[in-house]
Amino acid sequence: MEDRNNEEWVRALGGVPDSGVLAALRETLLRGLRYALKQRYHVTESDLEDFVQDALVRVLDNLDTFRGESKFTTWAQKIAVRVAFSELRRKRWENISLQDLVPDDTSEDDSSGASPLSWMPSSELTPEHQITQHSLGALLQDLIREELTDLQRQAMTAIALKGMPLEEVARRMGTNRNALYKLLHDARQRLKQRLEAHGVTVDDVMAAFSPEP
């Protein structure tokens with residue numbers, strides 16, 4: 001039953017858990033995810049069942065990390081929510097390739113008048129600010145295209161500009177988090193050096209693309 005105390009939950013789930021205990025925890029997690037997700041996200045009962053199944057495995061694998069600082073069911077529910085959000089983020093990007101995220105540099109015709117970096121935030125700008133923003137945006141676009149390797153450009157565009165989860169980019173690139181962090185660090189350092197060579201600081205760029213007070 002749900003009215004078990006923390007020690008009873010841990011003891012019942014340790015070793016070879018009783019099927020009745022697992023069923024009770026599963027129902028608790030399923031009810032919690034329905035409440036947390038179904039009003040705001042397009043999820044089916046099948047999705048919820050998958051999330052709960054993955055969460056149960058995580059709970060059992062991490063049982064020894066439970067410190068009793070909250071109710072056991074609250075702790076388990078947090079794990080279930082993290083599992084669900086991680087899977088929802090993955091599904092959001094599953095039909096989009098890294099190559100799709102990198103701008104097509106072969107097109108010279110830009111009759112739309114849009115900023116060279118359409119991903120940059122925009123606000124009501126003065127004409128002077130618009131000119132500065134467009135100039136720095138064009139410079140950044142050139143540097144990203146010319147100074148970064150293909151892998152750096154893909155990673156930088158996907159993570160920093162488009163918001164793809166780091167874990168998903170690492171998986172698609174066949175690498176790990178540490179290697180991807182190093183790739184992004186090197187890319188940022190390269191861009192910073194090339195900007196400074198053009199007499200532009202990172203602060204200049206941030207000021208140009210931040211909303212005016």
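The values are calculated or read from the model by the stated rules, or taken from the named source; none is laboratory data. On a predicted model such as this, the values are computed, not experimentally measured, just so you know. So basically every Cβ, Gly included, is an ideal-geometry build from the backbone, and we count neighbours across all protein chains shown.
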Report summary line: Residue count, segment 35-86, condition farther than 22 Å from P165 by Cβ, of a type in the set (A, V, I, L, M, F, W, C) and free of Cβ contacts under 8 Å to residues at least 24 places away in the same chain, comes to 1
**Report entry** Inter-residue pairs, beta-carbon under 9 Å, first not assigned by TED's automatic domain parsing to the domain that holds R82 and in segment 159-173, second outside any helix (DSSP H, G or I) and charged (D, E, K, R), 6+ apart
**Finding:** E168/E94
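So that you can scan it fast, the table gives a plain yes or no per residue for (1) closer than 25 Å to A207 by Cβ; (2) buried (at least 19 other Cβ atoms within 10 Å of the Cβ):
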position: L140; (1), (2): yes, yes
position: M164; (1), (2): no, yes
position: V169; (1), (2): no, yes
position: Y181; (1), (2): no, no
position: K192; (1), (2): yes, no
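Residue by residue, here is whether (1) closer than 25 Å to T175 by Cβ; (2) modelled with pLDDT of 80 or more; (3) not in a loop (DSSP other than H, G, I, E, B) holds:
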residue: T106; (1), (2), (3): no, no, no
residue: S112; (1), (2), (3): no, no, no
residue: P116; (1), (2), (3): no, no, no
residue: P121; (1), (2), (3): no, no, no
residue: E124; (1), (2), (3): no, no, no
residue: E128; (1), (2), (3): no, no, yes
residue: I144; (1), (2), (3): yes, yes, yes
residue: Q152; (1), (2), (3): yes, yes, yes
Query raised in the report: Do we have L101 as in contact with a helix residue (DSSP H, G or I) (Cβ under 8 Å, 6 or more places away or on another chain), at pLDDT below 60 and either more than 30 Å from A24 (Cβ to Cβ) or not polar (S, T, N, Q) (or both) here?
Result: yes
Query raised in the report: Among (1) at pLDDT 85 or above; (2) farther than 23 Å from R89 by Cα; (3) not in a loop (DSSP other than H, G, I, E, B), where does T132 come up short?
Result: (1)
